[in-house]
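A quick write-up on the structure given underneath.
Derivation of every value follows stated rules applied to the coordinates shown; laboratory data play no part. Since we're looking at a predicted model, the values are computed, not measured. Neighbour counts run over all protein chains shown; Cβ positions are idealised from the backbone, glycine included.
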Amino acid sequence: MSDIEDLSNNRASYQRLQPERQRNSLPKWKLMLHKIDIFSAIPTPKTYPVSTKRSLIGTFIFIFLFTTYIISSFVFFIIDNVPRLNEYSQLDDSDSLTVGPEIAMQFLYGKDVLNESITNTSIFSITMQQVIKYLDPAKQDNSSIQIPLKTCYSSDIEWMPENASKLAFLCPEVQLNLSGQLYKSEEFIYPRIQIDYCPYLHPEKKLQCETEEKIRKTVAGGRLFLYIKNQAPEVNFVGKKTKGLKYQVFQYFLVPGLYNRAEIVLQKQLVSMSGDYLTQFSTKHEDFLLVNRQYLYVTNVSQNDVGRQPTDSLSIYKGYQIFLRLDQEIKIIQVVKDTIIDVVAQWGAFYGVLVGAFALYFLKYNQNQFYEKNKQWANFDQNEALFENRQLNETEIKSPID
């Protein structure tokens, strides 16, 4: 038995499928009303959908492909929604105070055994200041506040690893502040670390200093370590755990006779992470302060003391100066993820492509199968006109002759 019903011998069904022809029988005023009726409908012949075994198999294939695509794309959306990063920079014109990172300092020397000398003031001393510089020349440019330092150990510093040195560190007791740009902002604030040798040629200072030879030997065999806590997030933007270092370390050599300087530039990073409307509905904003770069300067301080005896100046005891400042630019990072709305839109697009591809074949196939079984449906309008003419001829034959 064929899966397409033959309607060629069913005259009643054929006539029942003809559209009603009421236009010629309606008065003109009713036709005008029909034209302005915005809810009028055009009647069409009612019939049942034409289906074949082949199109039914295609339907199951279509459902399988579309369902598989939905499930797989949703699973990948949950477990592997890799974000896109948009990065750009803009000038930092803010004058608000920025809290600086936590730091720790340590000086180590010795070949076989590391000896601690960070608190040995008979060799050198380490001080720290919060410096304020003004753009207005009328204001005094010597404003600085001493930052108290304390002796600490790795067990006291939560961001230090367990295998860090067990020897003493120097840590600031208060938070560090940064603000503005040098020669650009009305107020430029930055922290500064100063290392000075013990003034061994100035007994009037009443300091117990080691000999010059001892001081040179100590600094030649060691180095200064500066640890800066890393503010980078523990989870990266892709969402996977990272095991990066919790700090950055910088090493500096003290060279008597040279007054070296280091400039550490910290950059603000503003990160915005948009939600995917499934696991996160709002945009999260975070800010970090990371080390961007470092500049090193070397100065022969003896050039500043031309014509003076070494005992007349304390500048020869300047060992090292390290200061931290803000970068002129802020890095903006936008973390954009695909949303569930994007996934649903992809489903709709794939559905449209899949329906179009299947319909191009199966609709044409079903139409051809139906018209092969029902020849009179191939020229529906022509057959209807012939049927109406036949009825008209029969009526004229039956009418009386004048």
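Would you mind computing, in nm to one decimal, how far apart the modelled labels at VAL99 and LYS373 are, each placed 7 Å from Cα along Cα→Cβ?
The two pseudo-label positions are separated by 7.9 nm.
Of LYS229/LYS268; LYS284/LYS331; LYS150/LYS318; LYS53/LYS373, which pairs sit farther than 18 Å apart, going by alpha carbon to alpha carbon?
LYS150/LYS318
Whole-Hz Karplus ³J(HN,Hα) for the stretch 168-174, in order, using 6.51 cos²θ - 1.76 cosθ + 1.60 and θ = phi - 60°, x for Gly and Pro?
Running phi through 6.51 cos²θ - 1.76 cosθ + 1.60 with θ = phi - 60° gives 6, 10, 10, 10, x, 7, 10 Hz.
Taking 7 Å along the Cα-to-C-beta vector as the label spot, tell me the LEU290-ASP156 distance in nanometres, rounded to one decimal.
3.0 nm
I want the local charge near LEU97. Using Cβ-Cβ distances under 14 Å, sum +1 for each Lys or Arg and -1 for each Asp or Glu among the other residues.
Spelling it out: positives minus negatives among the neighbours equals -3.
Mind giving me the nanometre distance, one decimal, between the label points for GLN280 and SER143, set 7 Å out from Cα along Cα→Cβ?
Placing both labels 7 Å beyond Cα along the Cβ direction yields 4.0 nm.
Could you calculate the contour length gain from ASP37 to VAL336, that is, 0.36 nm times the residue separation minus the distance between their Cα atoms, to one decimal place in nm?
Working: separation 299, 0.36 × 299 = 107.64 nm, distance 5.01 nm.
Difference between extended and current length: 102.6 nm.
Using the Karplus curve 6.51 cos²θ - 1.76 cosθ + 1.60 with θ = phi - 60°, work out ³J(HN,Hα) for each residue of the stretch 352-360 in order, rounded to whole Hz, and write x for Gly and Pro.
x, 5, 5, 4, x, 5, 6, 5, 4
Order of 97-106, 268-277, 353-362 by packing, highest average Cβ count within 10 Å first?
Output ranking for 97-106, 268-277, 353-362: 97-106, 268-277, 353-362.
Just to check I understand the Karplus step: with θ = phi - 60° and J = 6.51 cos²θ - 1.76 cosθ + 1.60, what whole-Hz values come out for the stretch 97-108, glycine and proline as x?
6, 10, 6, x, x, 6, 9, 8, 10, 8, 10, 10
Based on the Cβ-Cβ distance of LYS246 and GLN208, what FRET efficiency does E = 1/(1 + (r/R0)^6) give at R0 = 41 Å, to the nearest 0.05?
After rounding, the FRET efficiency stands at 0.65.
In the stretch 323-339, whose amide N lies under 15 Å from the spot 7 Å out along Cα-to-Cβ of GLU87? List them in ranges.
Answer for this model: 329-336.
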